[in-house]
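J.: Supplied in structure tokens, the structure appears directly below.
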Amino acid sequence: MGIETAEEGTEDLEAFRLRARAWLADNMPRLKEGQTNHHLMALDEMGTRARELQRILFDGGFAGLCFPKEYGGQGLTRAHQIAFTQETAPYEMPVVLNIPTFSILAPTLLDFGTEEQKQAHVPKMISGEEMWVQFLSEPSGGSDLASLITRATRDGDVFILNGSKIWSSGAFRCDYAMCLARTDWHAPKHRGLTMFMIKIHQPGIDVQQIKMSNGSNEFCQEFFDDVAIPIEDVIGEINDGWTVASRLLFHERDAVGGGSPYLSGSSGGRGDHGAGRSDLIELARASGRASDPRVIQLVAEARVNDLVGAQLIGRVTHAINSGALPGPGGSLHRLYAATNSERQADIALEIAGAGAAVWEDGDLAGLKGVEFLQRQSGSLGGGSNEMQRNIISERVLGMPREFAADKDRPFDEVLHNASPSRPT
Amino acid sequence: MDLELTDDQGLFRETTAKYIERTCPLSTVREWAEKEPAGYPTAWWRQGAELGWTSLLVSEDDGGGSVSGHGLLDLTLVAEVMGHWVSPGPLLPTNVVAAALSEFATEAQKERYLPGLLSGENIATWCLAEPRHPGLPDAVTLTAARRGDEFVLSGKKAPAEAAAEAGFFVVAALVDGAVTQFVVEADTPGVSVVAAEGIDLVRRFATVSFDNVVVGPQAVLGDVGGAAPQIERLFELAVALQCASMVGVTDHVLAFTLAYSFDRYSFGRPLASYQALKHRFADMKLWTEACLGTSAAAARAVDGRSEKAFELVSVAKSYIGDKAPVILQDCVQLHGGIGVTWDHDLHLYIRRVVQDRSLFGTPYDHRERIARGLGLEGDRGH
């Protein structure tokens, strides 16, 4: 039983598909011509809209398909979720909830939360009532996450949180965060961390949006000023937060690489069960270059890379589940998705031609030009490509680990970056 | 290697691998390259036929049979093992012809040609590609002119694998401009075979010339003018086998190069400890897994006669055909100078991959096929 194989009595896949198709037609708003959920995600009111859409899905019994029934899910298999996502292609879907709420934080809470924590939050995540985000990265550290310096100091039944987190997506519209903080400075870096759940909108937490190179302001930085966290809100064990964070990062790789069973609906972009469609053909036609043999090669290459990516996810996921590959094998499709995304950005820029530099309002070519500014985002977020290559070489291929100057040394004796000062 | 092998498939794969490892290790491949005109002794191929190498794409009614009920998936296991050992033997041409006979031939044709092919007594090859034309389904120009109820074939086919050993050919031709396939026996007057030079040490190729070769109506495979779907089907089988061969090569070469990086020391450290090299191995592992995934997906689509097979074989050929040579050459680089010597086995693998990637359409040709499937039409250079 479980996500890969159906329990006895699970609805037949084709029957489920037909029921989903009929229900979607009756209940979900259709996308307008040329619109994708990817485009809708950019809208300011997306958070509110996503909650409304998710509530419709939840009331119809089509939310949290792969989550256990006791926490508000449907207890179905990955195959059901893939079928459902395929059926949702013509509809508005709350895809902004996919990452991180459904595919990263809900599964992590299921893995480590107490029964009370799970009952209190997982059903609300699935119904769209609670949006979650992770507070992991800090301005002082990039790839070396475990050297973080945000501190949570024990004071009786509470911890007092001070410091700053960065690169949290859409924190301004979220309700709760999983926040990793240092609780023991005398232990080696991985052994002095604790994971907390914190309510975002409360006194002492200041959320600021970061303007990115393409003009978007999804990412946030948070500042914590004596925030009191009740001890019941520790996730996992005190000082064992790295175990929780490692599992969270596993779910993140799976989600960003497209292999998570908790992703529902397609943004119309890549890495999402292959249900999305490339807009490069439309771009080639709009640029007047659809019969140029060079452009034809590029369009086909992009198509090849997307299809192979979907095939790789299937292969790696199966291999991890069967034990043929270790868990860190998830870095394979994570790295594939990132490098493919870079190549797709290059191909789009090439096909767009001059239109990527100068365009009329609303031109697809101009959109591709602006998207190129964020070409590296997929190769940075959730662990850089270089970190994925370390993981693959060391933990999939068994090659020697990199030298670490801080290994097994108390964190307060290790060189690390200073705490950032708060902007005025 | 598809991850979802049945027990029977696992056993079949193991039996094949053990037979090849015992009878034809790389030292033997090098020996046969020198002294065997066909690249292998005929007794060796007949023994392989007894293991099932020739019968997997043939229905049980016709004397064949698969291991798992999915003959092509079984056959890709053989192709992968043969990639691992850069084995000789006309695996691709005999199986494509066997499939053609089983799927499209009359009972009389089956009776005449299949038993010898299945037992390994006879060899056959598929004549699709033509000189200066890519080996693609829509690039046939050899003509078969009607003369009464007979046909007169004129033109050249090249490269044709194992043509010098073949007792008969399945030949793609044009009858009044419409593609038609014929079964032509090698000793028919007007047929001549000239051996070609080739990059692979043990897979042999030739040019087959048809100089006013007269064949009767009994030589037509299926219907006159109706061979386009046949050719597409056989082409998909051929490409799926090429892809399996290339992933068999790549997976193995990456494995022994990785092992070498642990054994080889430089500046007092194993090569495997250098991050610059670790990252390259990570990329190669990623590409190899992707190659394995797309090869398996293509084989499943062709085996299941899915409507996606047209695109998925070209996706696999395009991806693997691009990546496998890159991986192999990087493995040469990681071996250092020894990697470019005759005595090291790496060039045997590169030869095999170059051969597989270049015949039945290059990655470039296959991307053009994909684009056509997407509704984009370029200018073909022929």
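The values are calculated or read from the model by the stated rules, or taken from the named source; none is laboratory data. Since we're looking at a predicted model, the values are computed, not measured. When we count neighbours, we look across all protein chains shown, and the Cβ atoms used for this are built from the backbone with ideal geometry, even at glycine.
J.: Are any residues in region A:387-405 at the interface with chain B (Cβ under 7 Å from one of its Cβ atoms) and at pLDDT below 95, and if so, which ones?
T.: Correct list: A:402 only.
J.: Looking at A:192, A:265, A:257 in this structure, which one is at positive phi, crowded, with 17+ Cβ neighbours inside 10 Å and not assigned by TED's automatic domain parsing to the domain that holds residue A:62?
T.: The conditions single out A:265.
J.: Something else about it: Do we have residue B:87 as farther than 17 Å from residue B:116 by Cβ and outside any helix (DSSP H, G or I) here?
T.: It is true that residue B:87 is farther than 17 Å from residue B:116 by Cβ and outside any helix (DSSP H, G or I).
J.: Determine, yes or no, whether residue A:330 is buried (at least 19 other Cβ atoms within 10 Å of the Cβ), of a type outside the set (Lys, Arg), more than 10 Å from chain B (Cβ to nearest Cβ) and closer than 24 Å to residue A:68 by Cα.
T.: Taking the combined requirement at face value, the residue satisfies it.
J.: Of the conditions (1) more than 9 Å from chain B (Cβ to nearest Cβ); (2) out of contact with any Leu (no Cβ under 7 Å at 6 or more places or on another chain); (3) closer than 25 Å to residue B:321 by Cα; (4) surrounded by fewer than 23 Cβ atoms within 10 Å (Cβ to Cβ), residue A:359 satisfies every one except a single condition; which number is it?
T.: Among (1) more than 9 Å from chain B (Cβ to nearest Cβ); (2) out of contact with any Leu (no Cβ under 7 Å at 6 or more places or on another chain); (3) closer than 25 Å to residue B:321 by Cα; (4) surrounded by fewer than 23 Cβ atoms within 10 Å (Cβ to Cβ), the lone unmet condition for residue A:359 is (3).
J.: Something else: Might you let me know whether region A:91-103 holds any residue that is closer than 16 Å to residue A:241 by Cα and either at pLDDT 95 or above or in the same structural domain as residue A:54 (by TED's automatic domain parsing) (or both)?
T.: Among the residues of region A:91-103, not one is closer than 16 Å to residue A:241 by Cα and either at pLDDT 95 or above or in the same structural domain as residue A:54 (by TED's automatic domain parsing) (or both), which makes the answer no.
J.: Within region A:30-71, can you find the residues that are assigned to a loop (DSSP other than H, G, I, E, B), more than 17 Å from residue A:99 (Cα to Cα) and at pLDDT 95 or above?
T.: Those that are assigned to a loop (DSSP other than H, G, I, E, B), more than 17 Å from residue A:99 (Cα to Cα) and at pLDDT 95 or above: A:60, A:61, A:62, A:68.
J.: On to the next question. If we keep just the residues of region A:141-172 that are in contact with a helix residue (DSSP H, G or I) (Cβ under 8 Å, 6 or more places away or on another chain) and modelled with pLDDT under 95, which is surrounded by the fewest Cβ atoms within 10 Å (Cβ to Cβ)?
T.: Looking at the filtered set, the residue picked out is A:143.
J.: Taking the conditions exactly as written (within 29 Å of the chain's Cα centre (by Cα), surrounded by fewer than 24 Cβ atoms within 10 Å (Cβ to Cβ) and not in a helix (DSSP H, G or I)), does residue B:300 satisfy them or not?
T.: The answer is no for residue B:300.
J.: Of the residues A:77, A:88, A:10, which is among the β-branched types (Val, Ile, Thr) and touching a helix residue (DSSP H, G or I) at 6+ places or on another chain (Cβ under 7 Å)?
T.: Selected residue: A:88, the only one of A:77, A:88, A:10 that is among the β-branched types (Val, Ile, Thr) and touching a helix residue (DSSP H, G or I) at 6+ places or on another chain (Cβ under 7 Å).
J.: Only one residue in B:347, B:279 is under 22 Å from residue A:316 (Cα atoms) and either surrounded by 24 or more Cβ atoms within 10 Å (Cβ to Cβ) or at pLDDT 95 or above (or both). Which one?
T.: Of the residues listed, the single one that is under 22 Å from residue A:316 (Cα atoms) and either surrounded by 24 or more Cβ atoms within 10 Å (Cβ to Cβ) or at pLDDT 95 or above (or both) is B:279.
J.: So how many residues does region A:285-298 have that are among the hydrophobic types (A, V, I, L, M, F, W, C), surrounded by fewer than 23 Cβ atoms within 10 Å (Cβ to Cβ) and either facing chain B (nearest Cβ under 8 Å) or not in a helix (DSSP H, G or I) (or both)?
T.: Of the residues in region A:285-298, 1 are among the hydrophobic types (A, V, I, L, M, F, W, C), surrounded by fewer than 23 Cβ atoms within 10 Å (Cβ to Cβ) and either facing chain B (nearest Cβ under 8 Å) or not in a helix (DSSP H, G or I) (or both).
J.: Looking only at region B:351-382, which residues are more than 11 Å from chain A (Cβ to nearest Cβ), modelled with pLDDT of 90 or more and outside any helix (DSSP H, G or I)?
T.: B:359, B:360, B:361, B:362
J.: Scan region A:246-261 and report the pairs whose first residue is closer than 14 Å to residue A:180 by Cβ and whose second residue is assigned to a loop (DSSP other than H, G, I, E, B) and among the hydrophobic types (A, V, I, L, M, F, W, C), with Cβ atoms within less than 9 Å and a gap of 6+ or a chain change.
T.: A:248/A:136; A:249/A:136
J.: Would you mention how many residues in region B:286-324 are in contact with a Phe, Trp or Tyr (Cβ under 9 Å, 6 or more places away or on another chain) and away from chain A (no Cβ under 11 Å)?
T.: 2
J.: Let me ask something else about it. Would you mind finding the one in B:170, B:183, B:249 that is in a helix (DSSP H, G or I) and either outside the structural domain of residue B:37 (by TED's automatic domain parsing) or within 24 Å of residue B:355 (Cα to Cα) (or both)?
T.: Residue meeting the stated conditions: B:249.
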